[in-house]
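Q: First the structure, which I've put down as structure tokens, then a few questions once you've had a look.
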Amino acid sequence: MDEKLNILLVDDQPTKLMAYEAVLGELGENLIEAHSGMEALEQLLKNDVALVLMDVCMPGMDGFETAEMIHQHPRFENTPIVFVSGICVTEMDRLKGYRCGAVDYVPVPAPPELLRAKVKTLVDLHRKTRQLESLNAKMTLLQEEERRRIARDLHDSVGQLLAAISMNHSAVQSESEKLSARAAHCLQENAEMVEEVSKQIRTISYLLHPPLLDEAGLEPALRCFVDGFAKRSDIAVSLQISANLGRLPQEAEICIFRVVQECLTNVHRHSGSRTAAVRVTREKTYVRVEIEDAGKGIPSPASRLGTSMQAGVGVLGMRERLRNLGGTLEIRSSDEGTRLTGVLPAAMIDSSDSPSAATPSISSVPSA
Ligand SMILES: Nc1ncnc2c1ncn2[C@@H]1O[C@H](COP(=O)(O)OP(=O)(O)OP(=O)(O)O)[C@@H](O)[C@H]1O
Ligand SMILES: [Mg+2]
């Protein structure tokens, strides 16, 4: 059986709340009441709400203001809101409602079946979205496992074979005076190519899944990645990590690592910036990761229209990864640069070891 979803009913009049409960009760979902905009915000913070059904005219903060506040919060920016009003029913009111991000605007009195049908459609849609999100989270996990396996295979099979080829080469090289000049030259070229392939295999294997992430944790893995990235891209990257970061649960470490990896790749591919800054901060209630550049900024959706520029999956993927762990992603961009901020909540990081006990030794980290 499907899990019950929460529907938040917001109205200052208790009789109207009772009426909504009578109409929506047979949907079999969980109905939560709030008597004001403030109370609605409190309920949203406490519960995972699938849909908000909200009166427009309320004393204090009205429905429009409440909707704007709800959608300003990164966690609730996509929470669907349906306005219900018996007073504000003009075209202008409805337009204002849609501008505040409403998915529907129902003038009352409305036939109970109609209201019930609308709510059911939106709740079903939410349930399907949830199923897709959960599938996506599983795919992300599988993808990480696959990357880990390929990285290990590359290192253990191809890497070992290349090492064996190098050893054989040394044996042949020691007798190279017996070869013609051309053969000796080819031998030397082969040695250089094997060296280059080894380097590339190590880099590919590292980018697929840095072994340091599992063995030593986020900080050394990030330092190693950022150093390597700065050398490859010629972008000067500063990295600041809270001294108390310690070890986080594996999924949180992978998530933050992948966010930094994708953001720096974006800085290199899209921003034109010669510098970037990465900050990872651990506070009591959250871990925050920020990646900032001084580039040209993300083009607005409008400026992409009519061009062949396609939005990729990088930003969407980061947002999903963070959301799967209860976190958020915020992007600020202007023609002076871009800053992405990812936040993972305490619930995600509390299960980790105590920071001081698990802080890995940085001195053991090889430079990239
Ligand atoms: N730091 C940045 N500076 C400027 N533009 C950026 C930056 N990061 C992202 N963008 C813009 O946002 C778009 C979406 O980024 P996203 O990472 O989702 O996709 P992508 O990098 O184009 O492709 P993919 O990540 O799927 O390979 C980019 O195409 C680019 O136009
Ligand atoms: Mg990208």
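The values are calculated or read from the model by the stated rules, or taken from the named source; none is laboratory data. Please read all numbers here as calculations on a predicted model, not as lab measurements. Glycine also receives a Cβ, built like all others from the backbone with ideal geometry; neighbour counts cover every protein chain displayed.
Q: Counting only residues that are more than 12 Å from ligand 1 (Cβ to nearest atom), of a type in the set (A, V, I, L, M, F, W, C) and not in a helix (DSSP H, G or I), how many does region 246-276 have?
A: Selection size over region 246-276: 1.
Q: Could you grab me the full set of residues in region 219-239 that are touching a Leu at 6+ places or on another chain (Cβ under 7 Å) and under 19 Å from Ser205 (Cβ atoms)?
A: Pro220, Ala221, Leu222, Arg223, Cys224, Val226, Phe229
Q: So, in region 297-313, exactly how many residues are at pLDDT 90 or above and away from ligand 2 (no atom under 16 Å from the Cβ)? Lay out the reasoning, then the answer.
A: Narrowing region 297-313 to residues at pLDDT 90 or above: 297-298.
Those still in the list that are away from ligand 2 (no atom under 16 Å from the Cβ) too: none.
Of the residues in region 297-313, 0 are at pLDDT 90 or above and away from ligand 2 (no atom under 16 Å from the Cβ).
Q: Given the criterion within 15 Å of ligand 2 (Cβ to nearest atom), farther than 28 Å from Lys231 by Cβ and not polar (S, T, N, Q), identify the matching residue among Leu264, Leu325, Leu329, Leu316. Working first, answer last.
A: Details: Leu264 fails: farther than 28 Å from Lys231 by Cβ; Leu325 fails: within 15 Å of ligand 2 (Cβ to nearest atom); Leu329 fails: farther than 28 Å from Lys231 by Cβ.
So the residue among Leu264, Leu325, Leu329, Leu316 that is within 15 Å of ligand 2 (Cβ to nearest atom), farther than 28 Å from Lys231 by Cβ and not polar (S, T, N, Q) is Leu316.
Q: So, one more: Would you mind finding the one in Asp12, Asp62, Asp93 that is touching a His at 6+ places or on another chain (Cβ under 7 Å) and surrounded by fewer than 22 Cβ atoms within 10 Å (Cβ to Cβ)? Give the steps one after another, and end with the answer.
A: Details: Asp62 fails: touching a His at 6+ places or on another chain (Cβ under 7 Å); Asp93 fails: touching a His at 6+ places or on another chain (Cβ under 7 Å).
When all the criteria are applied, what remains is Asp12.
Q: Now a separate question. Could you list, in sequence order, all residues of region 13-45 that are in contact (Cβ under 8 Å) with a residue 24 or more places away in the chain and polar (S, T, N, Q)?
A: Gln13, Asn30, Ser36, Gln43
Q: If you don't mind, there's one more thing I want to ask. How about region 229-264: which of its residues are touching a helix residue (DSSP H, G or I) at 6+ places or on another chain (Cβ under 7 Å) and either surrounded by fewer than 16 Cβ atoms within 10 Å (Cβ to Cβ) or among the hydroxyl-bearing types (Ser, Thr, Tyr) (or both)?
A: Ser233, Ala236, Asn244
Q: Give just the number: which of (1) of a type in the set (A, V, I, L, M, F, W, C); (2) at pLDDT below 90; (3) more than 30 Å from Asn6 (Cα to Cα) does Met193 not satisfy?
A: (2)
Q: Could you tell me which residue of region 277-305 is surrounded by the fewest Cβ atoms within 10 Å (Cβ to Cβ), considering only residues that are more than 12 Å from ligand 1 (Cβ to nearest atom) and basic (Lys, Arg)?
A: Lys284
Q: A follow-up question, please. So Val106 ticks every box in (1) surrounded by fewer than 16 Cβ atoms within 10 Å (Cβ to Cβ); (2) at pLDDT below 90; (3) over 23 Å from the mean Cα position of the chain (by Cα) but one. Which box is left unticked?
A: In the conditions (1) surrounded by fewer than 16 Cβ atoms within 10 Å (Cβ to Cβ); (2) at pLDDT below 90; (3) over 23 Å from the mean Cα position of the chain (by Cα), Val106 misses (1) alone.
Q: Out of all the residues in region 87-109, which are part of a loop (DSSP other than H, G, I, E, B) and either touching a strand residue (DSSP E or B) at 6+ places or on another chain (Cβ under 7 Å) or touching a residue at least 24 places away in the same chain (Cβ under 8 Å) (or both)? Show your work before the answer.
A: Of the residues in region 87-109, the ones part of a loop (DSSP other than H, G, I, E, B) are 87-90, 100-103, 108-109.
Answer for region 87-109, where residues must be part of a loop (DSSP other than H, G, I, E, B) and either touching a strand residue (DSSP E or B) at 6+ places or on another chain (Cβ under 7 Å) or touching a residue at least 24 places away in the same chain (Cβ under 8 Å) (or both): Ile87, Cys88, Val89, Cys100, Gly101, Ala102, Val103, Val108.
Q: Closer than 16 Å to Val280 by Cα and at pLDDT below 95: which single residue out of Leu239, Leu208, Leu264, Leu248 fits that description?
A: Among Leu239, Leu208, Leu264, Leu248, only Leu248 is closer than 16 Å to Val280 by Cα and at pLDDT below 95.
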